[in-house]
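First the structure, in the form of structure tokens, and then the observations on it.
The values are calculated or read from the model by the stated rules, or taken from the named source; none is laboratory data. Given the structure is predicted, the values throughout are model-derived calculations rather than measurements. We place every Cβ from the backbone using ideal geometry, glycine too, and count neighbours over all the protein chains shown.
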Amino acid sequence: MNKRGYFGNFGGAFLPEILVATFDELERVYTEARNDPIFWHDYEQLMSSYSCRPTPITYAENLTRHFGGARIFIKREDLNHTGAHKANNVMGQGLLVKRMGKTRVIAETGAGQHGVATATMAARFGFDCTIYMGEVDVARQRPNVFWMEQLGATVVPVTDGTRILKDAINEAFRDWVTNMDATHYVLGTACGPHPFPEMVAWFQSIIGKEARRQFMEREGRLPTRVFACVGGGSNAMGIFSGFFDDDVELVGVEAAGRGLNSGAHASRLCSDDASVGVAQGYKTYFLQDDDGQMRETHSIAAGLDYVGVSPILSDFKEKGRVRFEGATDREVIEAVRLTMRKEGVIPALESAHAFARAFKEAPTMSPDDIILINQSGRGDKDIFTIADAMDDPKWKQFIIEKAKQYHA
Amino acid sequence: MLESHIRSRLKEKKILLMTHIVIGYPSLEASLEIVRTMVAAGVDLMELQIPFSEPIADGPVILKANQNSLAGGVSVAQCLEFGRTVAREFPIPFLYMTYYNILFKYGVDRFVDEMRDAGLKGSIVPDLPPEEADGYLSAMQRNQLSPIFIYSPTTSEARLTAIAKVADGFVYCVARKGVTGDQTEFSQSLDAYLARCRTATGLPLALGFGVKDKSDIKFLEGKADIAVIGTQALRLIETEGIAALGPFIRDLQT
Ligand SMILES: Cc1ncc(COP(=O)(O)O)c(C=O)c1O
């Protein structure tokens, strides 16, 4: 019996026995697909006709002028169908579900983007769909809950634990161990037991492959530094994978929440608060206490509010291939405001972490340098949170009026 | 040795009874009282669950017990101390049940050494498959403790045999798909599954997940060696209190 799915010291498959056969099946189907060139071709076709691939890179001329350092480009994953990079992974897994002949999908979601993407995929492929979402996230991402339900999914609010993303993952696993014959668990990020980290990173690599080609075509060279936000790490793995073998600096930006010393953050790789552990089926850095109990995390961005992180990124951290930094809630709101005003682009709160850090570094770089920011998603879903943070009086009045109408 | 103890008990009883508690739920004092009541009522072995914040294989009842215990501030050190106390005080074998991160963070060797010193007989770690268990297995072997591994209805023949090679004491057969606490159908397919398990290992077989009353236990007699009562006892404690455990457990065995 051999260990599988390790990236240096991280990864593995710490599975309850009941799921071992299910993971064997998944690994087999995934490996077949990966070795089948037609599969990737079909996948690209699907993504170009159903989503919006290739997504462009946008030169952010005004931001560049504003900061006066490196030239800033944005990879526009927000233009994907459903508004985030999550679509790449979900449609890929949907093709695998078809291969496996299963009829039902389940998923966890934090920000709701992965839930919406999964519900969309289920509608298109004709699968039954149940989405697990922490009660706290249900409350702060209501627009996405609305869409999931309209798309035909059942949304189950999870009331256990900290009632956010990690708890939704636990509930999804509990569903899966009961219903695995007909059900596939569409895990939303490059975490969890093998083969999920590798498989999700593979689907997301479509981002990096495109970005690399686009830079070579447009600029005849590669960017100097690439920034991506890191929740579980799937969008980061996606864009980074275009540049792993190049002389390009890769920067992963985690949620520093109220500050790295505040205890209220979700920084596993750029803070000293995390340590190596094994939970939710894999070994990686977790925000946990000395007994190994997972701690509460905090981020203004629901999609970054997770205790673990991709084992692949933990390995890159140890090997020094990726640099990890944090961005605070406040810096993130400022970055959203600036990006909207200067470029007419609304990044998701998650993505805005990458913007915030890039804005810090851009002025210190030279005009010969190029920054690439992965805009993993669009900010429409965050309208309530952003309006709150900006304390917008007209929006508040609108909500009050709307509430009055419902009460009447 | 756990296996020989089980075998000698089986000369006196047709099937043994193993119960499960979550240490610290509803409180450490109550846990001690629960153990005392269960042992007095004739329980043969006990699993002491060290609570974990992410118990992915447990259903809602045990999940809540884990969370309540942690919310009450129970630490791993207190759980180890609790194990020492009950193993000293009561004459039955005790096992720890917990998730791998608890051992991993404590240090697997240190955890297992302390388990031996405390007088426990083995442990059940449901998210630690044999593939990942090298360090744990050698620590257990060094201390002559029993690593209890799990069979499930989805486990292939080849895998049943491979697991048997590293298992010791007994094998825990999960009755069905799903988490702890749901209904289990005690039917012919369960017979067939237990027969497959029997062929794969010479170790005693425990059957758990969904065992809740006397008829379930009667059904298992002659097919399994140990019946495991988990969620049902917790439910009883919640609805009727610890005192109700004595009559409940006595009745299961008559
Ligand atoms: C827009 C967006 N970006 C980023 C993330 C973080 O996930 P990951 O690190 O897997 O890309 C999420 C997660 O929900 C998201 O919705």
> Do the conditions hold for A:Gln113, that is, is it surrounded by 24 or more Cβ atoms within 10 Å (Cβ to Cβ), outside the structural domain of A:Leu372 (by the TED database), within 16 Å of the ligand (Cβ to nearest atom) and within 26 Å of A:Arg341 (Cα to Cα)?
Replying inline: yes
> Does B:Met97 count as away from chain A (no Cβ under 14 Å) and under 17 Å from the mean Cα position of the chain (by Cα)?
Replying inline: no
> Identify, please: which residue in the range B:175-221 is modelled with pLDDT of 95 or more and part of a strand (DSSP E or B) and is, among those, farthest from A:Ile18 (Cα to Cα)?
Replying inline: B:Glu221
> Applying the selection to the range B:68-94, what residues are within 10 Å of chain A (Cβ to nearest Cβ) and under 23 Å from B:Leu17 (Cα atoms)?
Replying inline: B:Cys79
>> Criterion first (in a helix (DSSP H, G or I), without any contact (Cβ under 8 Å) to a residue 60 or more places away in the chain and over 16 Å from B:Ile237 (Cβ atoms)) does B:Leu32 satisfy it?
In response: no
> Does B:Val35 satisfy the criteria of being buried (at least 22 other Cβ atoms within 10 Å of the Cβ), of a type in the set (A, V, I, L, M), more than 14 Å from chain A (Cβ to nearest Cβ) and within 26 Å of B:Gly246 (Cα to Cα)?
Replying inline: yes
>> Condition first: over 17 Å from A:Ala352 (Cα atoms), within 16 Å of the ligand (Cβ to nearest atom) and either touching a strand residue (DSSP E or B) at 6+ places or on another chain (Cβ under 9 Å) or not assigned by the TED database to the domain that holds A:Ile371 (or both). Now tell me which residues in the range A:241-265 satisfy that.
In response: A:Gly242
>> Taking the criterion of being in a loop (DSSP other than H, G, I, E, B), within 14 Å of another protein chain (Cβ to nearest Cβ) and under 30 Å from B:Gln183 (Cβ atoms), would at least one residue in the range A:193-215 satisfy it?
In response: yes
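When the range A:98-110 is examined, which residues are found to be within 14 Å of the ligand (Cβ to nearest atom) and not acidic (Asp, Glu)?
A:Ala107, A:Thr109, A:Gly110
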> Taking the stated definitions as given, is B:Leu95 surrounded by 21 or more Cβ atoms within 10 Å (Cβ to Cβ) and touching a residue at least 12 places away in the same chain (Cβ under 8 Å)?
Replying inline: yes
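Residue-by-condition table, conditions (1) within 19 Å of the chain's Cα centre (by Cα); (2) of a type outside the set (Asp, Glu):
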site	(1), (2)
A:Leu287	yes, yes
A:Met294	no, yes
A:Asp305	yes, no
A:Ser310	yes, yes
A:Lys317	yes, yes
A:Ala327	yes, yes
A:Glu331	no, no
A:Val336	yes, yes
>> Let me spell it out: the conditions are (1) among the aliphatic types (A, V, I, L, M); (2) in a helix (DSSP H, G or I); (3) within 28 Å of A:Val136 (Cβ to Cβ), and A:Ile239 meets all of them except one. Which number is the exception?
In response: (3)
